[in-house]
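J.: Here you go, one structure.
The values are calculated or read from the model by the stated rules, or taken from the named source; none is laboratory data. Since we're looking at a predicted model, the values are computed, not measured. All Cβ positions, even for glycine, are placed from backbone atoms using ideal geometry, and neighbour counts span all protein chains on display. Calculation scope for accessible area: heavy atoms of the full protein, side chains included, ligands and nucleic acids excluded. Shrake-Rupley method; radii C 1.70, N 1.55, O 1.52, S 1.80 Å.
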Amino acid sequence: MARNGNYLLQPIGWVRRENNQVSIEVEERYMPGLLGLEQHSHLWIIYYFHENETAPDRGLLQIHPRRNPANPLTGVFASRSSVRPNLLALSVARLLQVDGRHLILEKLDARDGAPVLDIKPYMPVSDLIPDATNPTWLPRLRAE
């Protein structure tokens, strides 16, 4: 719902990390939305960078990826940095199990307590882009 140019987003759940296990605890009222989810192997998780809620970070538009000055200065929209005007994050995760209102994941690049805003199934028919390209510095990051 838009109010004077602002949007109100409410979490549908929370990232939970306990004993080397990562899960999403879905709010009980959203449990009907999980029907059929176990048929998907991977999920897109949209969450909020809840630990980056500072005005200075939100004002930065250029960063060195991974805060490494050896990486080229890059616009935040050309990176996956947690520093950005709107603190939305997107990660893909392997779904291991749906246990009631808990989604047990193989791993997730999100911190404990992160508010989860949405969950969408990964669909190879539309999400896989075989000829996608990235900057030359990106493969170097994967090896670090």
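J.: What number of residues within segment 79-99 are open to solvent by less than 70 Å² (accessible area, probe 1.4 Å), of a type in the set (A, V, I, L, M, F, W, C) and either without any contact (Cβ under 8 Å) to a residue 24 or more places away in the chain or over 22 Å from His50 (Cα atoms) (or both)?
T.: Total meeting the criteria: 2.
J.: Please determine whether any residue of segment 130-140 is acidic (Asp, Glu) and touching a strand residue (DSSP E or B) at 6+ places or on another chain (Cβ under 8 Å).
T.: No, segment 130-140 contains no residue that is acidic (Asp, Glu) and touching a strand residue (DSSP E or B) at 6+ places or on another chain (Cβ under 8 Å).
J.: For segment 54-78: of the residues being open to solvent by 100 Å² or more (accessible area, probe 1.4 Å) and within 24 Å of Val92 (Cα to Cα), which is modelled with the highest pLDDT?
T.: Step by step, filter segment 54-78, then rank; the result is Phe77.
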